1. How many of the residues making up segment 72-97 are open to solvent by 40 Å² or more (accessible area, probe 1.4 Å), part of a strand (DSSP E or B) and not β-branched (Val, Ile, Thr)?
2. Give the residues of segment 24-56 that are hydroxyl-bearing (Ser, Thr, Tyr) and surrounded by fewer than 17 Cβ atoms within 10 Å (Cβ to Cβ), sorted by residue number.
3. Tell me, please, whether a residue that is of a type in the set (A, V, I, L, M, F, W, C), part of a loop (DSSP other than H, G, I, E, B) and either without any contact (Cβ under 8 Å) to a residue 60 or more places away in the chain or open to solvent by 60 Å² or more (accessible area, probe 1.4 Å) (or both) can be found in segment 57-71.
4. Can you pull out the residues in segment 114-137 that are aliphatic (A, V, I, L, M) and either closer than 12 Å to Gly39 by Cβ or open to solvent by less than 80 Å² (accessible area, probe 1.4 Å) (or both)?
5. Taking interchain pairs and intrachain pairs at least six residues apart, which have beta carbon atoms under 6 angstrom, with the first residue in segment 102-119 and among the charged types (D, E, K, R) and the second open to solvent by 70 Å² or more (accessible area, probe 1.4 Å)?
6. Of all residues in segment 98-113 being within 18 Å of Val2 (Cβ to Cβ) and polar (S, T, N, Q), which is least open to solvent (accessible area, probe 1.4 Å)?
Amino acid sequence: MVRLLLGGARRVSFTTVELTAKGGDIDVESLTVERQGLGSDRIFTEVGVVDVDYERALNGNHQCSTHDPFTIKDGETKEITLFGNITDKDTLAGYDGQSPSLALVGIKTGSKISGMLPVAGTAHTTNSSIIIGSLTINSSSIDPG
């Protein structure tokens, strides 16, 4: 399945990870997201983590980190979804055909983590020729105003 990135798209989901607390609550100080794959950072205006923090721009290492800590209670699972906001259609045209992905590359916590990082989802292919939507309003010939 090919996933497309369209100009101006917001909150495009890339990667979903489930974090489960076992043996006590887990306080997560921050998460680090990295742009990976064959694509430019300029495809994204911001990247973020749904329901964890605000969108942030990528730095020179192709990464950004969340700043709002959160807690996962013992025995609970929190779903983490990495997303990207895509640049406008005209800017995206310079990156057509590129296929970036977003990966969770870091979890800052005082607790022990089991599992392997990075976790990357499906790459999406950029396409500036498809328009998400448009609206044209015209006055009719019988409009008195």
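The values are calculated or read from the model by the stated rules, or taken from the named source; none is laboratory data. These numbers were taken from a predicted model, which means no experiment stands behind them. Here the Cβ positions follow ideal geometry from the backbone for every residue, glycine too, while neighbour counts run over all protein chains shown. The protein model used for the area step is the full one, side chains on, heavy atoms only, and it has no ligands, DNA or RNA in it. Shrake-Rupley method; radii C 1.70, N 1.55, O 1.52, S 1.80 Å.
1. Applying the first criterion (open to solvent by 40 Å² or more (accessible area, probe 1.4 Å)) to segment 72-97 yields 73-79, 88-91, 93-97.
Remaining after also requiring part of a strand (DSSP E or B): 77-79.
Restricting the remaining residues to those that are not β-branched (Val, Ile, Thr) gives 78-79.
Matching residues across segment 72-97 total 2.
2. Residues satisfying the conditions are Ser40, Thr45, Tyr54.
3. yes
4. Once the filter is applied, which keeps residues that are aliphatic (A, V, I, L, M) and either closer than 12 Å to Gly39 by Cβ or open to solvent by less than 80 Å² (accessible area, probe 1.4 Å) (or both), segment 114-137 yields Leu117, Val119, Ala120, Ala123, Ile130.
5. Lys108/Glu29
6. Ser101
For every residue, the table says whether it meets (1) in a strand (DSSP E or B); (2) under 30 Å from Asn61 (Cα atoms).
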| position | (1), (2) |
| --- | --- |
| Val105 | yes, yes |
| Lys108 | yes, yes |
| Leu117 | no, yes |
| Thr126 | yes, yes |
| Thr136 | no, no |
| Ser139 | no, no |
| Asp143 | no, no |
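Residue by residue, here is whether (1) at positive phi; (2) over 18 Å from the mean Cα position of the chain (by Cα); (3) small (Gly, Ala, Ser) holds:
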position	(1), (2), (3)
Val12	no, no, no
Val28	no, yes, no
Glu55	no, no, no
Leu58	no, no, no
His62	yes, no, no
Thr66	no, no, no
Gly75	yes, yes, yes
Glu79	no, no, no
Gly84	no, no, yes
